[in-house]
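For reference, the structure discussed in these notes is given below.
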Ligand code: NAD
Ligand code: DAU
């Protein structure tokens, strides 16, 4: 039977996936009050939520998930009966240059939230839910064959994925030790609107638009399994309301692409949309030094969520990618505003002088 919640705390709601989750929950559960707690790091942007910011059942609080006093006071004031925890440092490349920030936010931040939920809910946990959003990267890297299932042993290999794996372990420990009602999901690579352009798809769209080099790590043969972000948000809604406590659900779209093939597909779409002759931007491709410890392949077996909870992806990659390209090309103001300032410095450190001056 589906659960209902009165007051939901979303962490990291000003980021890419979080903003879509907020939109989905407001639409599907209009009676629930949604509180979005976000620190507004470089990756968080209130522009991502302009269309819902004035909704009566939505509010934003700026703050850090590591701030114990703040979290406890929010639990006290708003009597949350559910937490959907998305706040994280999320970019693998940044975790390679600055791992400590990942340990602090992803591990200590998660433990702080778990403790606050335990304290607030102690003695009455039946109608509560702590939902931790995780990643398929905790399972490590696949060779050519096979899929990650919920029983695949953890084998994280980057500072990012090991910090996410640590947080998954903490969430399970709070369930087993203290009886906290938890669910966890591990999703594959998301794509769609409002993704920060440090990640592959929006970075490539922007660079093709601006005729900048397209940095392909290594030989471009690494494989990722891409899911439309709104399908992820729907899966999160379903798991929050129907998932079994203590259980893990893998989420993915059976949609594997080698990076280089995906980049060619994006080139075709962007050049086409901008009225350039086919193949114009192919010459921008540059094979650059590989990411350290680069995982070769991710691929998700999503049988459990499909059979137990009836969720399925709704959008084909062809349609989703086309809509994504259109969105970025029509959201020049958003793209330019998030890539001004700090982004320029990040880009220069990461890619040398391949960016715009
Ligand atoms: P994102 O980087 O776009 O957004 C992260 C958000 O968290 C930002 O709004 C940021 O301001 C906020 N944040 C960071 N540190 C914080 C702190 N200390 N306190 C409060 N807020 C803080 O990330 P995303 O891509 O939307 O990912 C969201 C979640 O989903 C993450 O937990 C990530 O591990 C997971 N995930 C992402 C993907 C993907 O493809 N993007 C796939 C699977 C799982
Ligand atoms: O699998 C889920 C994960 O997907 C999430 O947990 C992470 O938060 C999210 O960032 C994403 O991680 P990846 O490392 O797979 O995504 P990214 O977009 O950074 O890179 C995708 C692939 O493209 C990867 O093989 C590295 C490659 N790449 C990336 C960039 C930014 C390039 O070749 N060139 C680039 O410039």
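Just so you know, all these numbers are worked out from the coordinates, no wet-lab data involved. Just so we're clear, the structure is a prediction, and the values are computed from it rather than from any experiment. As a convention, Cβ positions derive from the backbone with ideal geometry for all residues, glycine included, and neighbour counts pool all protein chains shown.
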Per-pair calculated FRET efficiency, R0 = 45 Å: residue 79 and residue 349 via Cβ, rounded to 0.05: 0.55
How much of the DSSP beta bridge set in the chain is antiparallel, as a percent to the nearest 5? 10 percent
Which of the peptides 113-120, 272-279 is most tightly packed, and how do the rest follow, judged by the mean count of other Cβ atoms within 10 Å per residue? 113-120, 272-279
For segment 44-86, what ratio Rg/Rh do Cα atoms give with a Kirkwood hydrodynamic radius? 0.98
If you line up the long axis of helix 342-351 against the longest principal axis of the chain, both from Cα atoms, how many degrees apart are they, to the nearest 10? 60 degrees
In nm, the gap between the two label points placed 7 Å beyond Cα toward Cβ at residue 244 and residue 149 is 1.5 nm
Segment 189-343: antiparallel DSSP beta bridges as a percent of all, rounded to 5: 25 percent
Give me the percent relative contact order of segment 58-122, please, defined on Cα pairs under 8 angstrom at least 6 residues apart. 50 percent
Suppose a student asked you for the relative contact order of segment 197-313, using Cα pairs under 8 Å spaced at least 6 residues apart; what percent would you report? 42 percent
Percent relative contact order of the chain, based on C-alpha pairs within less than 8 angstrom and at least six residues apart? 18 percent
Nearest 10 degrees is fine. How inclined is helix 110-121 to the longest principal axis of the chain, computing both from alpha carbons? 30 degrees
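By average Cβ neighbour count within 10 Å, what is the ranking of 44-56, 86-98, 23-35 from highest down?
Numbers: 44-56: 15.5, 86-98: 20.4, 23-35: 17.2.
Highest-to-lowest ranking by the protection proxy: 86-98, 23-35, 44-56.
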Springs between alpha-carbon pairs under 10 angstrom, Gaussian network model over the chain: which of 19, 314, 167 fluctuates most? 314
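I'm checking a number: the convex hull volume of the Cα atoms of segment 1-134, normalised per residue, in Å³. What is it?
Numbers: hull volume 13.9 nm³, N = 134.
That works out to 104 Å³ per residue.
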In degrees, nearest 10, the alpha-carbon axis of helix 259-273 is tilted away from the dominant principal axis of the alpha carbons of the chain by 70 degrees
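Tell me the Kirkwood hydrodynamic radius of the chain in angstroms, computed as one over the mean inverse distance between distinct C-alpha pairs. Walk me through the intermediate numbers first.
Details: mean 1/r = 0.0481 Å⁻¹.
About 20.8 Å, per the Kirkwood formula over Cα pairs.
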